[in-house]
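No value in this document is a laboratory result; all are computed from the given coordinates. Being a predicted model, the structure only gives us computed values, none of them experimental. Every residue, glycine as well, gets a Cβ built from its backbone with ideal geometry; the counts of neighbours run over all protein chains shown.
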C-alpha cells in the first residue's frame, strides 16, 4: 500500500458523517431521485418506511445499508453506502426491488445522484474528454457554469468514456470543490445547472422508464462524492488519484498491481491471423533474452475464422494452436516470463460464428448488421461465457485476460426494450458484465483483466475497479505527440493506463512510457523496419536500414524499469496542455514515500524553443535532491539541487527537435 501524506485541505471525516446523516435520514428527501407512477419522489419518499443500519466499520470506512419502502406497492430501495475515513469521500449504489405480487407502476428518470447546493460562488466544471481515437483524447476541459445554461454530458453509443467525457467531474464553487465519479459502463448522463442561488447536480442512466415485475431487482450507477477545500485543481485531482489507488485500483496480494511490460507481433494488417505457437516462440525469444520481457501479447486473430469476422468462435485456430496455448505458455514461463496476454471480444458476435449458429437466442441483432450483441443479461449466455473463459485461463495458462468491445451497444439495448421496459436490457447487460469480471477474479485471484473498447472507451468507476487499460486509445499506433498529450490528460485521473512503442528511439519510447507498456518491434535485429514505418513520425536521424539499436533499446528499457513505480505517485503537469507539433510539453510524477520522482520533457518537431524553465512540485524546500538528466542518446548529467531551487524554476535544455529529456531525482542526505 502506498504511504501518502495527509492533505490539510480536505474535509474531516466527522463532517462527511454529518452530511450523510443529514441527507440520508427519515422524513428527508435523499440525494437521489426518480419518478414513480408519474410523481416526483421528493413528494412522497419522506412518507415511506425508512431504516438505516451500520453493516461494517473498520479503520478505512463504514458501510451502511439504508432502506426506503413503499408500504402500498412494496417497492423497496436499498442504498448501499460507504463513508470513507481515510479520504473525504462517500459512495453509494441503489437497488430497486419489487417485493410485491403485482407489477409496479412505471419507475422512470432514476437519478442516482440528485443534489442541490446553495451557492453564490462562481462555478467551474473540470473534466476530461473521453476517447475517440484522436490526438486530443482525454484532453482537460474547463467550463464556467452560467445561469439557466445547463451543461449536459452523455457518452456516445453506450460505452462509458466514448468521445464526450471520462465520467469523473471536478466542480469548483469558490473555495470549495466537489468531485463526482460515476460507475456505469453503459449510457450515463450528467447534468449541471445553475438557477438563482442554487447549483443542481444530477447523474444517472440516460434513459429509465420501466415497470418492475414481482420479485425483480435492478441496480443503478455507482456514485462517488469527494468534498475538498481549495482552488488548486492539481491538488484536488491528486487526492482523487490517491483515493482511487487505495480503494479502487485492482490489487494483487493487497498491493496495486504493476501493469505488464509486454511485446507483441500482432499488428496491421493481419493482427494475429497468422500467429502460431512456433512463430510466437521464435518472435519472443529475442525479447526475453534482450529485454527480460514479462508478457507475450497475442491480439485479435488467434481464433477460428480470424480477425475481424471470427468473433463468436472462441476456439484456437487449428492451423496455429492445435493443442491450445499451453505449449506456448509453458515455454514462456520456463524461459522466465510471467505469461500470456490474450485478446477476446466476447460481447460482439459476427453472423455465422459458433455462438450465432448454436445459440441465436443469446444474441441481440439489428436488421442488416452482421454484428450482434451477446446479451450478458441472458443468464445462460453469461454462465457459458464465464465457464468457457475460465476453463481457457486454467487450461491455457492465460495471465492477462484482454477484453475488447468494438461496437456501440446502445442501439441494440434500445431495440430490445418494450415501451414499458425501457432501460432494462442495458441494466441487465451491465450487471452481467460486472458479474462476469467479478467471477473471473474470484476464480483466478492473480488474474489481470485488461479493459479495451476500441481503445479507452469504457473507463468509469466500476471498470477501473476490476481492470486496467493497456491500450488506452486507438489513435494512430505509436504516434508520440499524441501519446504525450494522452498521458498529460488521463494522468489527472488514473495511473493504470498504458500504451505501446513502435521503435527504440528515446523520444518515441519516453512518449509511451507508463507503469506498464508494450513494445512492438521486429524480433530480428538485423531486419529493416519498413513494416511499421507508416506509423512513425518523421525523425531527423531516421534511417530504416541502420542496424537495429540494441544497446539504446536496452538502456531505454532500464529507464522504464526505473520510472514505472513513480506513475503511482502524485501527478503534476509542468507545461500547458497542447496537441500542437509547434509546442513543448512536460509532466512530473512524485512519490514522497520513495523520496523521489521523474520528469519528462518533450520538444516537438516544430518547436523553436530549446530552453524550458520548469517548476517542480511536491518537493521539500530544504531537502537536497540528486537530479539525473538523460538526453536522447542516454547521456547523463547529475546535479545536486535543493528542493526550493527546483520548485522556484530550473532551466532544462533540449538542443534538437524532436527531442526529449528524462529526469530522475532522489532526496539525499544533505551531509554527504
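Numbers at a glance
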{"item": "Reciprocal mean inverse distance between Cα atoms of segment 26-67 - Kirkwood radius, Å", "result": "12.0 Å"}
{"item": "Overall dimensions of segment 293-352 as given by Cα atoms, namely Rg and Dmax in Å", "result": "12.7, 40"}
{"item": "Segment 1-157 - Kirkwood radius from inverse mean 1/r over Cα pairs (Å)", "result": "18.8 Å"}
{"item": "Gain upon complete extension [residue 551, residue 22; 0.36 nm per residue less C-alpha separation]", "result": "184.1 nm"}
{"item": "Global form of segment 368-499, assessed from the alpha-carbon gyration tensor, a/c cut-off 1.5", "result": "oblate"}
{"item": "Gap separating the Cα centres of segment 576-653 and segment 465-485, nearest whole Å", "result": "23 Å"}
{"item": "Burial ranking of peptide ranges 243-252, 460-469 (average Cβ count within 10 Å, highest at the top)", "result": "460-469, 243-252"}
{"item": "Helix-derived mean residue ellipticity, 222 nm - over the chain, DSSP H n ≥ 4, -39500 (n - 2.57), to 500", "result": "-6000 deg cm²/dmol"}
{"item": "Inter-label distance for residue 615 and residue 633, nm, one decimal - labels placed 7 Å from Cα along Cα-to-Cβ", "result": "3.4 nm"}
{"item": "Rounded D (µm²/s) - segment 37-109, Kirkwood Rh over Cα pairs, Stokes-Einstein at 37 °C, 0.692 mPa s", "result": "239 µm²/s"}
{"item": "Packing rank of 36-47, 385-396, where each peptide gets the mean count of other beta carbons within 10 Å, highest leading", "result": "385-396, 36-47"}
{"item": "Residue exposure sequence - 457, 172 - by fewest surrounding Cβ within 10 Å", "result": "172, 457"}
{"item": "Mean separation of Cα contacts under 8 Å (6+ apart) over length of segment 569-668, as relative contact order %", "result": "31 percent"}
{"item": "Cα gyration tensor category, rounded, prolate or oblate, for segment 613-672 with a/c compared to 1.5", "result": "oblate"}
{"item": "Euclidean distance of C-alpha centroids, segment 90-115 and segment 379-418, integer Å", "result": "27 Å"}
{"item": "Range of Cα positions in segment 86-198 per principal axis (Å), largest first", "result": "50, 39, 36"}
{"item": "Alpha-carbon centroids, segment 345-378 and segment 186-252: separation in whole Å", "result": "32 Å"}
{"item": "q = 0.09, 0.12 Å⁻¹, the chain: log10 I(q)/I(0) [Debye, one scatterer per Cα]", "result": "-0.80, -1.37"}
{"item": "Packing-based ranking, highest mean first, of 157-168, 560-571 given that Cβ atoms within 10 Å are counted", "result": "157-168, 560-571"}
{"item": "Equivalent ellipsoid semi-axes - Cα gyration tensor, segment 340-395, angstrom", "result": "21, 13, 9"}
{"item": "Per principal axis, descending, Cα span of segment 569-668 in whole Å", "result": "37, 27, 21"}
